[in-house]
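Reading through the structure tokens given below for one structure.
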Amino acid sequence: MQNESIAILGGVGAARAKLLADAGLETLEDLANFLPKEYRDLTHATPIAQLRVGESALVRVIVIESARDRRAKGLTVTRCVVSDGSETIPCVWYNQPWMSKQMRSGAEVSLYGKAVREKSRIILQNPSVENRAGIAPVYRTIQGVPGKVLTRLIGEAVARLDGAWADELPLSVRERHALCEKNVAMRGVHFPANWEELKTARRRLAFDELFLYQVALSLMRSQGKKGIVIPADDEAADDFWAHLPFAPTGAQRRVLSEIVRDLSSEHPMARLVQGDVGSGKTAVAFGALYLAVKAGYQGALMAPTEILARQHFESAQAILEPLGIRCGLILGSMGQKAHREAHEAMANGDWQVAIGTHALISQKVEFQNLGLVVVDEQHRFGVRQRSALSDKGDSPNVLVMSATPIPRTLSLILYGDLDVSVIDELPPGRRPVGTRIVPEAKRADMYNFLRSEVREGRQVYVVCPLIEESEAMEARPAEELYEDLRTQALSDLRIALVHGRMKPADKDSVIAQFQAGEVDVLVSTTVIEVGVNVPNASVMVIENADRFGLAQLHQLRGRVGRGSDQAWCFLMAEPNERLRTMTKTNDGFVIAQKDMELRGPGELLGTRQSGAMLDGAMADLALLSETHEAARELLHHPESEETRAAIRLAEKRFRRRMENAGMN
Ligand code: ADP
Ligand code: MG
């Protein structure tokens with residue numbers, strides 16, 4: 001039943017089946033497992049007078065001014081006015097010209113939409129006409145398949161499979177954690193009769209997912225075999241520190257010492273080093289590479305972007321080469337000849353330390369004796385890429401580095417397969433980045449400040465959030481802002497734009513210009529988030545700051561303040577409590593903790609890292625801990641049939657997903 005093709009459902013021809021299959025929906029089970037991304041509360045209508053800005057609600061209204069379309073900049077804007085008998089409210093739709101046919105004067109409709117502030121009044125934005133009642137599921141859209149059709153198909157699949165789900169969680173686990181039965185959960189998650197039912201259903205499904213994920217993680221870890229032993233001791237580490245132009249911080253020294261212990265044990269190292277931006281993770285990684293090379297092994301350092309890889313290579317030339325270590329750089333953009341030479345140098349041991357991007361995991365790359373693998377900014381890579389690099393050696397030691405400070409409870413759970421070290425101290429002399437919230441009314445003043453900073457020879461980042469199309473009118477897309485700054489607000493300065501849709505080579509060239517000081521103000525989407533080091537850039541402006549998670553704001557802010565000048569970060573937003581956290585502290589862990597409390601761990605990590613696994617109900621820290629405990633408990637009895645069943649299930653469900661997590 002579960003494996004029955006969706007083609008048996010009404011209205012699914014070959015073309016539609018193909019679209020659905022492209023989105024991973026081929027069987028009835030796939031459809032039923034396609035969970036709502038959110039729910040609409042259609043249980044009651046809200047009087048217009050009681051609508052709250054920023055919240056979505058259902059209103060029952062009569063159209064009192066027919067809708068009219070207006071075209072502007074390739075966008076169709078449709079407006080009308082509706083009334084619920086005591087109050088009126090304008091409605092607006094962007095790029096939904098068909099709405100004007102439905103919204104004729106006198107029409108009675110139920111609308112569900114978000115109340116937003118437009119100038120001094122409140123309006124309903126992009127409301128949809130609702131014929132449903134109760135708690136209605138909303139699914140992620142699939143290109144080419146109308147939402148109504150998808151909702152119907154899912155409904156049919158769920159109905160057909162009702163009663164047919166075998167319960168896959170061990171009964172003992174279900175009982176101990178008071179979880180409802182699988183059939184109840186599937187029904188409840190798609191068609192909840194009330195909020196309580198929904199909560200019960202989501203808890204059960206989230207538990208499944210997280211529990212099996214934990215089991216899978218533990219398995220990965222326990223499969224660890226004996227690895228390469230790199231004889232090293234603290235004395236050798238001290239040798240390394242003695243050769244650096246600066247004294248290590250206490251935290252750097254401690255973490256390298258933890259690494260020394262891992263390297264010299266017979267279990268391969270699998271360690272995550274977390275440290276705030278600027279905490280000096282690179283030096284620690286170089287220390288580990290130094291120890292590996294000194295023991296006769298090769299090391300590899302992989303970074304997510306060419307800019308970062310190049311930066312690391314330059315540092316390696318400054319720090320490792322004077323110690324007699326031969327370093328090389330390999331990038332995707334290099335020519336074939338350079339690749340061939342690099343491959344040869346890695347294979348014959350000529351390069352003792354290879355630094356590069358994904359080019360390092362190309363099939364052609366072979367090492368003579370890879371003893372240590374370092375992955376920088378690891379959240380940019382998937383588990384599979386990490387292991388693709390370590391597969392180039394015979395169970396080499398692995399060190400991954402991340403600037404996303406993740407509260408310890410969470411990292412334990414998420415990276416069950418890694419030990420964690422924290423560099424919780426910044427090098428001396430760093431001045432915290434002065435952070436201010438700037439409301440729209442102060443924008444002009446801020447521009448004047450930017451001008452004076454540039455006059456002093458400093459540089460500025462302006463970061464815009466990525467925007468979803470439906471929000472096109474709310475946020476300032478990078479391109480628009482760039483045009484505005486270039487032609488008007490800051491026309492006296494040298495402005496450049498970099499965004500995610502540019503070709504990598506173009507992107508790199510703009511960033512290189514900025515690094516060379518040929519550009520005063522760099523407008524960007526969040527592409528600069530990853531480790532770029534421009535010490536002369538001392539100001540960062542973050543547009544629509546409220547759209548970013550605190551942890552992400554903190555990461556962005558870390559791009560400035562790397563030089564000796566006082567650095568500034570301006571958060572463009574109306575002041576609120578959440579953003580005020582940023583003005584009060586520069587401690588990434590405090591911020592990450594706060595972010596997690598406010599938005600849940602899923603948000604903190606971004607889906608890149610968690611796959612879809614931690615979305616929605618799964619972004620629940622208490623549940624994470626509970627499943628972590630449950631998985632450990634279960635695995636304590638490896639011989640029981642329940643444990644073996646859970647392991648089979650975890651492998652089935654997560655092998656592919658874990659390998660793919662974070663791939664891009
Ligand atoms: P991140 O942890 O963000 O990767 P980096 O390793 O890039 O940080 O270090 C940031 C800067 O701090 C670099 O310019 C580096 O040379 C410098 N640095 C690292 N450790 C120290 C230290 N102990 N004392 C002074 N400067 C340091
Ligand atoms: Mg770094």
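The values are calculated or read from the model by the stated rules, or taken from the named source; none is laboratory data. Since the structure is predicted, the reported quantities are computational estimates derived from the model, not experimental observations. Glycine gets a Cβ as well: all are built from the backbone with ideal geometry, and neighbour counts include every protein chain shown. Heavy atoms of the whole protein, side chains included, go into the accessibility calculation; ligands, DNA and RNA do not. Shrake-Rupley method; radii C 1.70, N 1.55, O 1.52, S 1.80 Å.
Search region 375-401 for residues being of a type in the set (Val, Ile, Thr) and at pLDDT 85 or above, and hand back the single one that is farthest from ligand 2 (Cβ to nearest atom). Looking at residues that are of a type in the set (Val, Ile, Thr) and at pLDDT 85 or above, I get 398.
Based on this model, can you work out whether residue 325 counts as assigned to a strand (DSSP E or B) and in contact with a helix residue (DSSP H, G or I) (Cβ under 9 Å, 6 or more places away or on another chain)? Here the answer is no, as residue 325 does not meet what is asked. Applying a threshold of 8 Å to beta carbon distances and a minimum spacing of six or more residues, or different chains, the list of pairs starting in region 140-157 at a residue that is among the basic types (Lys, Arg) and ending at one that is open to solvent by 60 Å² or more (accessible area, probe 1.4 Å) reads 140/37.
So that you can scan it fast, the table gives a plain yes or no per residue for (1) crowded, with 17+ Cβ neighbours inside 10 Å; (2) without any contact (Cβ under 8 Å) to a residue 40 or more places away in the chain; (3) closer than 12 Å to residue 392 by Cβ:
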position	(1), (2), (3)
288	yes, no, no
301	yes, no, no
317	no, yes, no
335	no, yes, no
360	yes, no, yes
366	no, yes, yes
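Quick one: would you say residue 321 is of a type in the set (Asp, Glu), free of Cβ contacts under 8 Å to residues at least 40 places away in the same chain and either within 14 Å of ligand 1 (Cβ to nearest atom) or within 19 Å of residue 243 (Cβ to Cβ) (or both)? Criteria met by residue 321.
Of the residues making up region 475-512, those that are of a type in the set (Val, Ile, Thr) and either buried (at least 18 other Cβ atoms within 10 Å of the Cβ) or touching a residue at least 60 places away in the same chain (Cβ under 8 Å) (or both) are 495, 498, 510, 511. Only one of the numbered conditions (1) farther than 30 Å from residue 4 by Cα; (2) surrounded by fewer than 17 Cβ atoms within 10 Å (Cβ to Cβ); (3) modelled with pLDDT under 95 is not met by residue 24, and that is (1).
Taking the conditions exactly as written (farther than 26 Å from residue 193 by Cα and open to solvent by 30 Å² or more (accessible area, probe 1.4 Å)), does residue 72 satisfy them or not? Taking the combined requirement at face value, the residue satisfies it. Within region 337-358, the set of residues being touching a helix residue (DSSP H, G or I) at 6+ places or on another chain (Cβ under 9 Å) and touching a residue at least 24 places away in the same chain (Cβ under 8 Å) comprises 339, 346, 350, 351, 352, 353, 354, 355, 356, 357, 358. Considering only residues in region 584-593 that are outside any helix (DSSP H, G or I) and not acidic (Asp, Glu), the one that is least open to solvent (accessible area, probe 1.4 Å) turns out to be 585. Examine region 240-249 for a residue that is open to solvent by 20 Å² or more (accessible area, probe 1.4 Å) and within 14 Å of ligand 2 (Cβ to nearest atom), and state whether such a residue exists. No, the conditions are met nowhere in region 240-249.
When you scan region 269-285, do you find a residue that is at positive phi, out of contact with any helix residue (DSSP H, G or I) (no Cβ under 6 Å at 6 or more places or on another chain) and within 16 Å of ligand 2 (Cβ to nearest atom), even just one? Checking region 269-285: at least one residue is at positive phi, out of contact with any helix residue (DSSP H, G or I) (no Cβ under 6 Å at 6 or more places or on another chain) and within 16 Å of ligand 2 (Cβ to nearest atom).
Matching residues to (1) open to solvent by less than 20 Å² (accessible area, probe 1.4 Å); (2) of a type outside the set (Gly, Ala, Ser); (3) under 30 Å from the mean Cα position of the chain (by Cα):
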| position | (1), (2), (3) |
| --- | --- |
| 110 | no, no, no |
| 129 | no, yes, no |
| 136 | yes, no, yes |
| 145 | yes, yes, yes |
| 153 | yes, yes, no |
| 161 | yes, yes, no |
| 167 | no, yes, no |
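Within the option set 201, 232, being more than 30 Å from residue 628 (Cβ to Cβ), small (Gly, Ala, Ser), away from ligand 2 (no atom under 16 Å from the Cβ) and buried (at least 22 other Cβ atoms within 10 Å of the Cβ) holds for one residue only, 232. Residues in region 533-583 that are open to solvent by less than 10 Å² (accessible area, probe 1.4 Å) and assigned to a loop (DSSP other than H, G, I, E, B) were compared, and the one that is nearest to residue 449 (Cα to Cα) is 567. Only one of the numbered conditions (1) more than 16 Å from ligand 1 (Cβ to nearest atom); (2) open to solvent by less than 40 Å² (accessible area, probe 1.4 Å) is not met by residue 351, and that is (2). Inside region 181-196, residues that are within 31 Å of the chain's Cα centre (by Cα) and open to solvent by less than 70 Å² (accessible area, probe 1.4 Å) make up a count of 7. Where strands (runs of 3 or more DSSP E) fall entirely within region 26-125, those with at least 1 residues that are of a type in the set (Lys, Arg) and within 30 Å of residue 155 (Cβ to Cβ) are at 38-42, 56-72, 108-118. When 305, 282 are checked against the criterion of being within 11 Å of ligand 1 (Cβ to nearest atom), in contact (Cβ under 8 Å) with a residue 12 or more places away in the chain and open to solvent by 10 Å² or more (accessible area, probe 1.4 Å), 282 stands alone in meeting it.
Please indicate, with yes or no, whether at least one residue in region 266-273 is touching a strand residue (DSSP E or B) at 6+ places or on another chain (Cβ under 9 Å), closer than 29 Å to residue 631 by Cβ, open to solvent by 10 Å² or more (accessible area, probe 1.4 Å) and within 16 Å of ligand 1 (Cβ to nearest atom). Yes: region 266-273 contains one or more residues that are touching a strand residue (DSSP E or B) at 6+ places or on another chain (Cβ under 9 Å), closer than 29 Å to residue 631 by Cβ, open to solvent by 10 Å² or more (accessible area, probe 1.4 Å) and within 16 Å of ligand 1 (Cβ to nearest atom).
Here's the yes/no breakdown for (1) modelled with pLDDT under 95; (2) among the small types (Gly, Ala, Ser):
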position	(1), (2)
275	yes, yes
280	yes, yes
322	no, no
338	no, yes
372	no, no
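Every test in (1) touching a residue at least 40 places away in the same chain (Cβ under 8 Å); (2) out of contact with any Gly (no Cβ under 9 Å at 6 or more places or on another chain) is passed by residue 515 save one, and that test is (1). Counting only helices (runs of 4 or more DSSP H) that sit completely within region 177-264, those holding 3 or more residues that are within 16 Å of ligand 1 (Cβ to nearest atom), at pLDDT 90 or above and closer than 24 Å to residue 398 by Cβ correspond to 234-242, 250-264.
Collect the residues in region 529-550 that are within 16 Å of ligand 2 (Cβ to nearest atom) and on the phi < 0 side of the Ramachandran plot, keeping them in residue-number order. Selection gives 529, 530, 532, 533, 534, 535, 537.
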